[in-house]
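Worksheet: one structure, shown below.
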Amino acid sequence: MCWLVGSSEDYALGAETFAAQGKSLDERLLIVGRHPGGEHTRLGGAVVIDPVADGRLAANGPTAPWDFINRRINRRVGGMDVGAGRGGTLRVLAQMERLVPPGCGLNDLVELELGWGQWAASSGASVVCAYRQDAWQESILRDVSCVHSGQMGNRRLAVSFRMSYVAAGCWRVDGVIDFVAAPAFGTATRAALTRNGLVRLRFDGLDMIDAAGIQALAHAVRAVRGAKVRVEGANTTVRRLWQLSGFNTAAVAVEIA
């Protein structure tokens, strides 16, 4: 879930609500980032991992790679059966400006978010990625929401499509990919290909993709050496558009299944 936070006060209040919901379900809370309140708050029992406070990451330094974050999480909650249902489920609140410098590009953010999505799906944890709106460019906030299952906060910055992790090397694409959304789609696809040389994109829930979206798909595959995309569930319109696009050649490793 992508949470676009209006202010520090909104973050603190939302974090307490998130924690209270988890407590009612007997779930544990992990905060990746700065603790939003003191020990007297309802978040007092939360496990906190803050790479900046720990001295492992400079506040304005490079993006924390997913492998680094994953190791820290596993070290702190390794003794807990994360996906065991009631009493074992973990809910995670990630304060993204403590993991990624707000001045970074969309590529770094999307690569990190794909790691979160894959980890959440495999572990059964619920993850909320919090972005303080005054720390990020609006275009970044809009585009990064495409790799989340949903969005809270500023609906004006909602993206028109979503790309959600399904299984190893497989993502489901829903919504509309037009010329506005095409750059974000291309970035997300390229990041997925960097993680998995062969990527399956399920288009069962895709409402529409235009020529700009098709071009973004082709360019993403070309940008990663040896990469290949298999599109599943494409309707007749998508198939026809691909055939007419000029990219339906052996030089572009995209299979429309």
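The values are calculated or read from the model by the stated rules, or taken from the named source; none is laboratory data. Fair warning: this is a prediction, and the values are worked out from it, not measured in the lab. Here the Cβ is made from the backbone with ideal geometry for all residues, glycine too, and neighbour counts use every protein chain on show.
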Exercise. May I ask you to verify whether residue 143 is in contact with a Pro (Cβ under 9 Å, 6 or more places away or on another chain), under 30 Å from residue 6 (Cα atoms) and not basic (Lys, Arg)?
Key: yes
Quiz item: Taking region 1-33, which residues are hydrophobic (A, V, I, L, M, F, W, C), part of a helix (DSSP H, G or I) and over 21 Å from residue 76 (Cβ atoms)?
Solution: 12, 13, 20
Quiz item: Scanning for something outside any helix (DSSP H, G or I) and closer than 30 Å to residue 257 by Cα, does region 95-118 turn up at least one residue?
Solution: no
Quiz prompt | Matching residues, region 143-190, being in a loop (DSSP other than H, G, I, E, B) and either aromatic (Phe, Trp, Tyr) or touching a Leu at 6+ places or on another chain (Cβ under 7 Å) (or both) | solution = 153, 154, 169, 179
Quiz item: Of these, 145, 122, 126, 149, which one is among the polar types (S, T, N, Q), under 10 Å from the mean Cα position of the chain (by Cα) and surrounded by fewer than 20 Cβ atoms within 10 Å (Cβ to Cβ)?
Solution: 149
Quiz item: Of the residues in region 193-205, how many are modelled with pLDDT of 95 or more and either under 15 Å from the mean Cα position of the chain (by Cα) or in a helix (DSSP H, G or I) (or both)?
Solution: 1
Practice problem: Could you tell me whether any residue of region 223-230 is more than 12 Å from residue 176 (Cα to Cα), part of a helix (DSSP H, G or I) and either outside the structural domain of residue 110 (by TED's automatic domain parsing) or of a type in the set (Gly, Ala, Ser) (or both)? | Solution: yes
Quiz item: Which condition number does residue 170 fail, the rest of (1) crowded, with 22+ Cβ neighbours inside 10 Å; (2) among the hydrophobic types (A, V, I, L, M, F, W, C); (3) at pLDDT 95 or above being met?
Solution: (1)
Self-check item: All positions within region 224-249 that are closer than 18 Å to residue 193 by Cα and loosely packed, with under 14 Cβ neighbours inside 10 Å
Solution: 225, 226
Quiz item: Within region 152-189, how many residues turn out to be among the β-branched types (Val, Ile, Thr) and more than 15 Å from the chain's Cα centre (by Cα)?
Solution: 3
Quiz prompt | Residue satisfying condition, being in the same structural domain as residue 70 (by TED's automatic domain parsing), crowded, with 22+ Cβ neighbours inside 10 Å and aliphatic (A, V, I, L, M), within set 112, 201, 193 | solution = 112
